[in-house]
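Chemist: Pasting in a structure now, in structure tokens, and then I'll have a few things to ask.
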Amino acid sequence: MKNEATNTGTDRERARQRAEMILKVRGGQLNASEAARALGISRKTYYKWEKRGLAAMLEGLCERNSGRPASPGDGEKEDLKRKMEEIQKDLQRQEQRREIRNRLRSEGEKKS
């Protein structure tokens, strides 16, 4: 069974080698075929890695908000909160209807 720390180191080393080749190709020191051959992969795979690597670099260089990211909302809590608000609105409408009925009744009794 392989050690995870060793795997991580090996993965990082491979990623560093790939990044180095991408930079050499982009800098004009190598062409894509030479980089692919040095990495032991096809040109198609090289271009796939290059595209992925450059996209990750752009993502990593984007401005980000500082601090801890907001925690995702609890879906169940949000649903309950929404239902509670609906119930409160319904209760308000019922109280308004009851008040209108009572006023209408008292007005009717005054006329009689």
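Chemist: Which one is modelled with the lowest pLDDT among residues in region 53-81 that are among the charged types (D, E, K, R) and surrounded by 10 or more Cβ atoms within 10 Å (Cβ to Cβ)?
Modeler: Per the criteria, the residue is Asp74.
Chemist: If we scan region 62-73, do we find a residue that is without any contact (Cβ under 8 Å) to a residue 24 or more places away in the chain and assigned to a helix (DSSP H, G or I)?
Modeler: No, because not a single residue in region 62-73 is without any contact (Cβ under 8 Å) to a residue 24 or more places away in the chain and assigned to a helix (DSSP H, G or I).
Chemist: A further question on this structure: Please indicate, with yes or no, whether at least one residue in region 35-43 is under 30 Å from Glu13 (Cα atoms), in contact (Cβ under 8 Å) with a residue 24 or more places away in the chain and in a helix (DSSP H, G or I).
Modeler: No, because not a single residue in region 35-43 is under 30 Å from Glu13 (Cα atoms), in contact (Cβ under 8 Å) with a residue 24 or more places away in the chain and in a helix (DSSP H, G or I).
Chemist: Also, I was wondering about something else. Please give the number of the condition Lys48 fails out of (1) surrounded by 10 or more Cβ atoms within 10 Å (Cβ to Cβ); (2) over 30 Å from Lys24 (Cα atoms).
Modeler: Failing condition for Lys48: (2).
The values are calculated or read from the model by the stated rules, or taken from the named source; none is laboratory data. In this text the structure is predicted, and so the values were computed from the model without any measurement. All Cβ positions, even for glycine, are placed from backbone atoms using ideal geometry, and neighbour counts span all protein chains on display.
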